[in-house]
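S.K.: If you scroll down you'll find the structure; I have some questions about it.
Quick note: the coordinates plus some simple rules give every number you see, no bench work behind them. Model, not experiment: these values are computed from the prediction. A quick note on method: Cβ atoms are made from the backbone with ideal geometry, for glycine too, and the neighbour counts reach across all protein chains shown.
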Amino acid sequence: MSLRSCRMRALLILRRLRFAVRFLGRSIDVDPSSWISPRSDIRDCGGGRIRIGRNCEIHPYSMILTYGGDIRIGDHCSLNPFAIIYGHGGVRIGNGVRIAAHTVIVASSHVVSAAGKPFFESGVTGRGIEIDDNVWVGAGVVILDGVRIGRNSIIGAGSVVRRSVPDNTTVAGVPARAITPRS
């Protein structure tokens, strides 16, 4: 075994140990080949699980919070600074997904009560969010509950995605609309 492969093996063992200590007693599984900033906030609050795949990067000040739902991030993904994922209804992110800074992914919505109840007493719904493989989410995007983003799609910076996006499509705007299909 070469010196380089010995160092890589030792690094993976150290990362696995560090993740085991950091997430001790929690429902959080991180592949040791991934890099998680110590300044990121990853918590299983109110139930749910988090799984982060191989070779992912979770940058400083990003947040992944379950709020009772499961969050699965595939392999080769990045979550940039100040991006937020709330898991209420479940979030599944495929492989090779790039999520830019200040993106907010919220898999829940408040129930609007006709009875005049305050919003905080009306409850929430959670249908979930699915982002397929090879998707690029631009800076400052908001992805709302019940949305599926198809593979090979691009979400333009500052967009609000409230409807599902087909495969191979570029969308932008508030609300997000198709600009052009990708070939």
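S.K.: Fewest Cβ neighbours within 10 Å first, please rank 67, 86 accordingly.
M.R.: Values: 67 20, 86 23.
Ranked by crowding around the Cβ, least crowded first: 67, 86.
S.K.: Give me the percent relative contact order of the chain, please, defined on Cα pairs under 8 angstrom at least 6 residues apart.
M.R.: This gives 12 percent for the chain.
S.K.: Now, a different point. For region 1-65, which trypsin sites (Lys or Arg not before Pro) are both in a DSSP coil and crowded by at most 13 other Cβ atoms within 10 Å? Working shown, then result.
M.R.: Numbers: sites: 4, 7, 9, 15, 16, 18, 22, 26, 39, 43, 49, 51, 54; in loops: 26, 39, 49, 54.
Listed in order of number, the matching sites are 39.
S.K.: Dividing the alpha-carbon radius of gyration of region 1-99 by 2.2 N^0.38 Å (N being the number of residues), what value is obtained? Before the final figure, lay out the partial values.
M.R.: Numbers: Rg = 13.7 Å, N = 99, 2.2 N^0.38 = 12.6 Å.
So the Cα radius of gyration is 1.08 times the expected 2.2 N^0.38 Å.
S.K.: Right, another one. If the only charges are +1 at each Lys and Arg Cβ and -1 at each Asp and Glu Cβ, what is the size of the charge dipole of region 103-183 around the Cα centre, to the nearest 20 debye? The partial results should precede the final answer.
M.R.: Numbers: 8 positive and 6 negative charges, 43 e Å.
Computed about the Cα centre, the dipole is about 200 debye.
S.K.: Report the extension gain between residue 174 and residue 148 in nm, rounded to one decimal, defined as 0.36 nm multiplied by the number of residues separating them, less their alpha carbon distance.
M.R.: 7.7 nm
S.K.: I've got another one for you. If I compute Rg/Rh (Cα atoms, Kirkwood Rh) from the structure I just sent, which labelled value in (1) 0.95; (2) 1.03; (3) 1.09 lines up?
M.R.: (2)
S.K.: Where the centre of each part is set by its Cα atoms, how far does region 50-88 sit from region 122-183, in angstrom?
M.R.: Answer, in whole Å: 17.
S.K.: So how do 77, 6 line up by other beta-carbon neighbours within 10 Å, fewest first? Walk me through the numbers before you get to the answer.
M.R.: Numbers: 77 24, 6 10.
Starting with the residue having the fewest Cβ neighbours, the order is 6, 77.
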